[in-house]
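A.B. asks: Okay, here's the structure, questions in a sec.
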Amino acid sequence: MEFPAALFPSYFGAGPPREEGGPAPLAGWGEHGQVLEGGPGRRQVQPAFVPRRGATGERWEAADAAAVPVLLPSAGCWIPSPAPQDILYRSSLCRKLRAGKSGATLDFAKQLGHFFVDHPEDAFGSLGRLLHKNFYLGNSKLKRPARNSTIRMTALVEDIDRLEARRGCPRHHLASRLRWFSHLCRDWLFEVPLGLLADCLHEELMEQWSNLLFDDSLTGGALAWLPPEDEGTPVGRLVHPGGQAMNHLYFQDVVLEELPRTRGSPAQFELSGRVRQVAAARVDGQDFVGVRSDYHCGVWRVPGRTGAAPAPLQVIRTDVPASCLTVSPHLPGELSVCTQSGTIYLWSVETGLQQLRHDPETMFFRDHSPWRWSDFTAHPRVLSCADRTGLQCLDARAPKKCHFDLFKVGEEAGCQQGERVVLPMYLGRAHPSQYLVTTQFSVYVLDERLPLVPVLKWAHMMKAPPLFAHLTPGHPGRTHKVLLGASRTQELLLLQYRGKRSSSESACQLAGTPQKLHSIAGCLQHLPTQLPHRHHLLRQRLAAPAAGLAATLQEDGPHKSMLIFQLSEAGDVFCQRLTHKAAQPSAPPSRDEATTAPGSSPLFEAPASSPQGSGATALRYRRWLRALSRACREPPRHTWPPSLSQRRLFTRKDLEGPAGPSSLQRQMRQRLRQTMQEGGRIQRWEPSVLQPPPLPQGLELAGGLDSLSARLTAAWAGDWEQWWEERTSFSVAQRQQALRERRRRQKRAQGRRSLSASFTSSLTYQSELSELSDTGPSLLSPGRPPILSQEGSPPAGSPPVRSPPTSPAPDEALLSSQSLRCRGIPKERRKTLRDYLSVWAEGPPEPPEPPGSQASQLCIPSSQSQLSSASQPRRKRPRMGF
Amino acid sequence: SSHEHKLNFKKSKEACLSYIQDALLQKQWNRAAEFLTCYVESLEKDYSREHIGPSEMIWRIGTEILWHHSQSSMKDFNCFMEQMKTLGVKRYLKVCLEHVFHLLCNGQIDEAYQSLSLAESWRFGEQTAIQDKEMKLIQAYRGLLDFYSWSKQKNILLEHSEDGFSDLAVEQEMHSCFRKAAVNLKEIIKIPGVWDLFVKCYVDLLEFYGDHNEARQVLNEYAYNSKFPANPNAHVYLYQFLKRQGESKKSLISALKILHDIVPSHELMIDFNTMLQKSKKRKKRRLGLEVIFAALDYAGWKENAKAWSCLARQVKQIVISDKHLDWIKQEWNSRKDWWPAFHFSRYLAKRNWQENKSLSYEKALVAGILLGKDCKYFKYVSHQGCKAQLKRFRMLKKFVNRHNPVCLRICG
């Protein structure tokens, strides 16, 4: 590849950036930048000039009014990541979002409160038990002898309520009683030392908040398109993550028709972490797909011919989260890996890992971000490595000696103050020595033969930094297309640039104007009107941050079109088609200049021009919506009234015990049956005749018991109070040490996954969701009151257990631990009741779905447990950091 | 209250801008223009301290719309630009420069020249560093246009002199153009930067008037001054100048050696290799081998038949003479773990054979020598060649089989 004979003029300075920084909303418009004489030769009478920006580009127009779903939503609902309102102090939300990281007020007290309410046992368990007798919760006055050792808590609770009511009042001050109480027991009431707990929580909150501001773990994107080997067949393969925890990797065949459609069921792999990045490159007719999660990176080989199964090749584990994985376009089975500790490896499937650099410091100036990136260059042994301050190239054969600076955030490239590298990408498929670098303000094209001086620079004006980029190289004489994608705002921008004029190499120029493409959220206005709560759910789903980007060029004779796939964090893949228009002298005002009203979309009106296509689009949307509402109904609902069979309460084994039911069992069962018939509830479970169960012997024999087992054993034996005496002799320092150790271990095990893990709760989340998605008829139809049947046959004349609810989901309200407590149900019985009620709400289990493409996804409980694979599945709402 | 009013005004300004942005990004120029007329109001209360104020926005948006709007004309554009120049003193030079660029791209050289002259005479208080740079650029571009009129007159003069008579007026005009161009071009190329166009023109001028020393000094400065970026073109210009001057092989080689050091993948490396191969000195021939090996390391050279034939020729020579096999061995040592997969895979053998037979011939020769007769690439190509009854390939097979022991020595 030749070097351009002349480059556009530019000044070259060294040192830190001089231009004042800040997002400039429209800085990319109206500038040619520079001009260069680009005529055929100097012998001409008039020299011809070409601009650096503003030359005409190709015309690409969106074929549809919105992006269209490619895949049906997978079963099991998506768990949204935390939103700012979850962790920010309420009133300062809007203001602080703009103010940035330091200005935000995290709602620390709320989170701590959540913990105390949701995990009372963990927070106050032992002392709660000890003080049980001394706290009185009734309304009546205490009598003389009791008053010596008991305090009445009702007044305290009233004070707390009053305090809550006066929130925001400028003149409110703490009630003295509350202050007195908190002063008195702050040091000893808590199971976990309060200071330590607060430290951990605060640390976690800060991490969550910085992730919310800018989550760089998604850099590169988790979507890849493997084009067919010969361009004749229109079947390619989409590689994308899925599942509730995004920990499944799918290789899905996709047929490129008017609307791309899936073919067959995908090859599927379950991974042990959330998929952050999917990178692919084709070498020697085979695709190599690299997959990065926080602590694991894997590589698959996909043979070029269609239908061949992808083969996993190798997996590596890292101690520190990996931040980058790129696949070599030159040599089969070579990848580069970066970790957040500043280490860069060349990873070859055959020879293993070779460490190229280890430097926790950033390259050109100090920056706190541990993010590192690496990619390949024109030379297969030379890799680029990047941090937020710039890019260097280093030779893998002598990484310490041979390196040069490719890009510096500084005056060399005309950067602004505060500018940082967001995503570097090797543009080898367009030009072997070109490189793309995006920052939050601009996009640069670099030529490694002329380092430090960008051959192209343009302010992209995107609202969020572009984390994803995709290159579609153009044939000689045509423009190269670069797609930039942002995560949080789902922005998609199409740029065109040209590096070649006629036959000879020429300086890079931007061609045409940048073009905004449809985002996933943009299709909401075209969808049929929904019920408000469904609309809310749908909006939340569609507005999920983007997680990946892929594109492919489709040439069908003179018709050229580009298909662009966008992945969202919810696992949805949407696609849009751009069609190439040959240059026309004057463009008629395009259709979309007229604004479209919600609900009255061309997608659903099926205009005469393309009735078939639009009809298919509408159908695709309907199917997707239907599948979504089916997937999000949790737990699965049925059209028939729920009935509860007694069999479901006990397993077959329980019922068919070898000795037959004992008299006690019979008695219990009869009582249960009676209660169920009456529609009442069992106030005291154990009858007075209940014998204490025999003590389990094995536990006492076990040697080194952990504290929980020890406590339980003590409780079983009845000498629990003595155990407590022993335990209090433990020094606080020892406990703190143990807790710190545990916390560290957990953090290491969970790492960033804790973000999703701590916010995913099985039970409470679903109940929240079903409150929203709940529709009366599907759960309990008013016409047919639910009947609690015994052995399947409804007893005639028996009153219905519940009348059809006017307010949705009373059982969810029943299930929450607070409400159970309010009803005076002792703690140890709440779970029983909860289980009882949840069985009642679930109805008979759904028969296993016929083996469709997502059949394995139906197994909800197991996939939820994968969310927090390090710990056991949780039933309560785990709040942050726990 | 007035405070609230200000806030609302700010908010509506922002909203308006976002509408404009949206329209621009969807190429809805009409819609953008309508919003822009509303946005002009924001000039009235321009208290903003952002580094891009409303007046700059209007300039940028307006320019963009006028570039693309189907009904805009050059006259509208010029008119708009004149207004924009008066809108902000700080931006005057920048707007002038952009206006000139647009005129140049539309072939209105004379108007551009006038505009440049006007901008050059503009004075307003003390200039900032950026304005200083912009002024220098304006002067440089004026110098460039002077150069073009100089070269036009030169051509007229040359034609006339062929006809046998000289035109004094044209000649004088030409000299005055030269003086104006030289002064301005000389100024800008002193400042660190990428000035390919200006340097080339200035050197052209100097060469025409026979000032070769000055030209050489300028080119040396442009190539070797460490304050300038490592621009490969600077070295190329110097090399071409030396070649035009008929300099010795030695100085040409030393110029190219430096280019090789900074850009081993430059296309001149083939010339460099040929030059070195012809040399009598062993050291230089050795360098030639290094150069061609290094060039073929790069992905852009993978299918360069010329480069492969250079390498094949040199390797063949060495093998036949049976001297300096250690050269090949040394070069091969650092490549033997990745060249086979990078260049000599079976997949590539198939593809090269289909697409370019002579490339596959050269590559097969190199593969046969470096990797032996059992190498996949060599086996596939020689097999196909023999099957196709091509004499060249039969010879190749014989040659490699005969020299197989050599290969073992290289590998070992």
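A.B. asks: Say each of A:LEU194 and B:GLU187 gets a label point 7 Å from the Cα, pointing the same way as Cα to Cβ; how far apart are those two points in nm?
C.D. replies: Simple spin-label model gives 7.3 nm for this pair.
A.B. asks: Inside 10 Å of the C-beta atoms of B:197-210, what's the mean count of C-beta atoms belonging to other chains?
C.D. replies: That works out to 1 on average.
A.B. asks: Check the straight Cα-Cα distances from B:LYS357 and name the aspartates and glutamates below 12 Å, setting aside those fewer than 8 residues away within the same chain.
C.D. replies: B:GLU303
A.B. asks: At a threshold of 8 angstrom on Cα-Cα distance, excluding pairs fewer than six apart, so keeping six or more, what relative contact order does the stretch B:126-247 reach in percent?
C.D. replies: 22
A.B. asks: For B:100-106, what's the mean count of beta carbons from other chains sitting within 10 Å of each residue's beta carbon?
C.D. replies: Details: counts 3, 10, 6, 2, 9, 9, 1.
That average works out to 6.
A.B. asks: While we're looking at this one, here's another question. Exceeding 24 Å between C-alpha atoms, which entries from my cross-link table qualify? They are A:LYS400/B:LYS302; B:LYS280/B:LYS397; B:LYS136/B:LYS180.
C.D. replies: Numbers: A:LYS400/B:LYS302 27 Å; B:LYS280/B:LYS397 30 Å; B:LYS136/B:LYS180 14 Å.
Too far apart for the 24 Å limit: A:LYS400/B:LYS302; B:LYS280/B:LYS397.
A.B. asks: OK, next. Enumerate the aspartates and glutamates that A:LYS401 could reach by cross-link, defined here as Cα to Cα under 16 Å, with residues fewer than 8 away along the same chain left out.
C.D. replies: Result set, ordered by chain and number: A:ASP359, B:ASP261.
A.B. asks: Nearest 500 deg cm²/dmol is fine: what mean residue ellipticity at 222 nm does chain B get from its DSSP H runs of n ≥ 4 alone, each adding -39,500 (n - 2.57), divided by its residue count?
C.D. replies: Rounded to the nearest 500, the figure is -24500 deg cm²/dmol.
A.B. asks: Can you sort B:LEU144, B:LEU365, B:LEU36 from fewest to most other Cβ atoms within 10 Å of each residue's own Cβ?
C.D. replies: Values: B:LEU144 24, B:LEU365 27, B:LEU36 21.
With the fewest neighbours first, B:LEU144, B:LEU365, B:LEU36 line up as B:LEU36, B:LEU144, B:LEU365.
A.B. asks: Over the whole of A:20-26, what's the average partner chain Cβ count within 10 Å per residue? Rounded to a whole number, please.
C.D. replies: 5
A.B. asks: Could you work out how far helix B:29-39 tilts from the main Cα principal axis of chain B, as a 0 to 90 degree angle to the nearest 10?
C.D. replies: The angle comes out near 40 degrees.
A.B. asks: Now a separate question. Could you put B:ASP146, A:ASP215 in order, starting from the residue whose Cβ has the fewest other Cβ atoms within 10 Å?
C.D. replies: Taking fewest neighbouring Cβ atoms as first place, the list is A:ASP215, B:ASP146.
A.B. asks: In addition: For the stretch B:126-247, take N as its residue count and report Rg(C-alpha) divided by 2.2 N^0.38 Å.
C.D. replies: My calculation over the Cα atoms of the stretch B:126-247 gives 1.17.
A.B. asks: If I fit a long axis through the Cα atoms of helix B:357-371 and take the longest principal axis of the Cα atoms of chain B, what angle between them do I get, 0 to 90°, rounded to 10?
C.D. replies: 60
A.B. asks: Here is a further query. Just B:ASP337, B:ASP271, B:ASP196 to compare: in a GNM of chain B, with alpha carbon springs under 10 Å, which one fluctuates most?
C.D. replies: B:ASP337
A.B. asks: Taking only C-alpha pairs under 8 Å that are 6+ residues apart, what is the relative contact order of chain B in percent?
C.D. replies: Across chain B, relative contact order equals 6 percent.
A.B. asks: Could you sort B:259-270, B:10-21, A:668-679 so that the peptide with the highest average Cβ count within 10 Å comes first and the rest follow in order?
C.D. replies: Working: B:259-270: 20.1, B:10-21: 16.0, A:668-679: 13.6.
Peptide ranking by packing, descending: B:259-270, B:10-21, A:668-679.
A.B. asks: Greater than 26 Å separation of Cα atoms is the criterion. Which listed pairs, B:LYS284/B:LYS329; A:LYS500/B:LYS133; A:LYS481/B:LYS376, meet it? Don't jump to the answer; show the numbers that get you there.
C.D. replies: Numbers: B:LYS284/B:LYS329 17 Å; A:LYS500/B:LYS133 29 Å; A:LYS481/B:LYS376 37 Å.
Those over the limit are A:LYS500/B:LYS133; A:LYS481/B:LYS376.
A.B. asks: For a quick check of your reading of the filter: which trypsin sites (Lys or Arg not before Pro) in the stretch B:218-262 sit in a DSSP loop and have no more than 14 other Cβ atoms within 10 Å?
C.D. replies: In loop regions of the stretch B:218-262 (DSSP not H, G, I, E or B), the sparsely surrounded trypsin sites (Lys or Arg not before Pro) are B:LYS227.
A.B. asks: Going Cα to Cα from B:LYS13, which lysines come in below 23 Å? Please leave out same-chain ones fewer than 8 positions away.
C.D. replies: In chain and number order, the partners are A:LYS96, A:LYS463, A:LYS516, B:LYS27, B:LYS45, B:LYS85, B:LYS90.
A.B. asks: For the stretch A:220-332, what relative contact order do you get, as a whole percent, if you take Cα pairs closer than 8 Å and at least 6 residues apart? Please report the intermediate quantities before stating the final value.
C.D. replies: Numbers: 275 pairs, mean separation 24.0, N = 113.
Worked out over the stretch A:220-332, it gives 21 percent.
A.B. asks: With everything on Cα atoms, drop me the angle between helix B:269-278 and the longest principal axis of chain B, reported from 0 to 90° to the nearest 10.
C.D. replies: 40
Values in this text are rule-based calculations from the coordinates and carry no lab data. Here the structure is a predicted model, which means the values were calculated and not measured. Note that each Cβ is placed from the backbone with ideal geometry, even for glycine, and that neighbours are counted across all protein chains shown.
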